[in-house]
1. Set the Förster radius R0 to 30 Å, insert the Cβ-Cβ distance between LYS174 and GLU9 as r into 1/(1 + (r/R0)^6), and round the FRET efficiency to 0.05.
2. With a 10 Å Cβ neighbour count serving as the proxy for reagent exposure, in which order, fewest first, do ILE3, ILE14 appear?
3. Where does the charge balance sit around GLU121 when Lys and Arg score +1, Asp and Glu -1, over other residues with C-beta under 14 Å from its C-beta?
4. What ranking of ASP82, ASP21 emerges when the number of other C-beta atoms within 10 Å of each C-beta is taken as an exposure proxy, fewest first?
5. Please report, to one decimal in angstroms, the Kirkwood hydrodynamic radius of the chain built from all distinct Cα-Cα pairs.
6. Which of PHE62, PHE129, PHE98, PHE26 has the fewest other C-beta atoms within 10 Å, and how do the rest follow up to the most?
7. With label points built 7 Å along Cα→Cβ from the Cα atoms of GLU36 and ILE128, find their separation and express it in nm.
8. Along Cα→Cβ, 7 Å out, is where each label goes; now give me the distance between the ones at TRP156 and PHE19 in nm to one decimal.
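Coordinate-derived values only; no laboratory data. Only a predicted model underlies this, so the values are computations on that prediction, with no experimental measurement involved. So basically every Cβ, Gly included, is an ideal-geometry build from the backbone, and we count neighbours across all protein chains shown.
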Amino acid sequence: MKITTTPIEGILIIEPQIFKDSRGYFFESYNQDKMEAAGIALSFVQDNQSLSQKGAVRGLHFQAPPFEQGKLVRVVAGAVRDVVVDIRKNSPTYGQHFRIDLSAENQLMFWIPPGFAHGFETLTDNTIFLYKCTNMYHKNSEGGLLWNDPAIGIKWQTQNAIVSEKDMILPTLKDFVSPF
């Protein structure tokens, strides 16, 4: 397992060791000992899965303390452009974003600690997205940022995004008060 840091502290790209042969492939999608050796000491309590069609944008979401969530995300079918925005008030990268393409083909995983708004756009039809969470979902703690806020400056690939009504009315960074 190869773990790579990003320009935003805490965000990690995880590349599993894949064993391929004539039958297909095998890899460990999670190994607690290896994660802890890399400095990611955590416990997952909830797994989530979504199916989305090409052009869907989900996010930018987070859960506020005390129900904040760290997420280990990956794609098992299709492809996404995955995006995080730093919403940690005292962070030197507050308001900055990082993006990465995750796919069934590249098998990359992405670690997103608490303190980040997270979202993705689907690049193919029938994309299945999985994420392991460090805390249970709590409806009253959910929050988010507007997915296309010009102040954040995310370059989405999708021209006519399919976005939920809830995500279309999230606040901009300018009007946002971070709980982190």
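1. Working from the Cβ atoms, E equals 0.80.
2. Least to most surrounded, the residues fall as ILE3, ILE14.
3. Charge balance in the 14 Å sphere: +1.
4. Taking fewest neighbouring Cβ atoms as first place, the list is ASP21, ASP82.
5. 16.7 Å
6. Least to most surrounded, the residues fall as PHE26, PHE98, PHE129, PHE62.
7. 3.0 nm
8. Computed distance between label sites TRP156 and PHE19 equals 4.1 nm.
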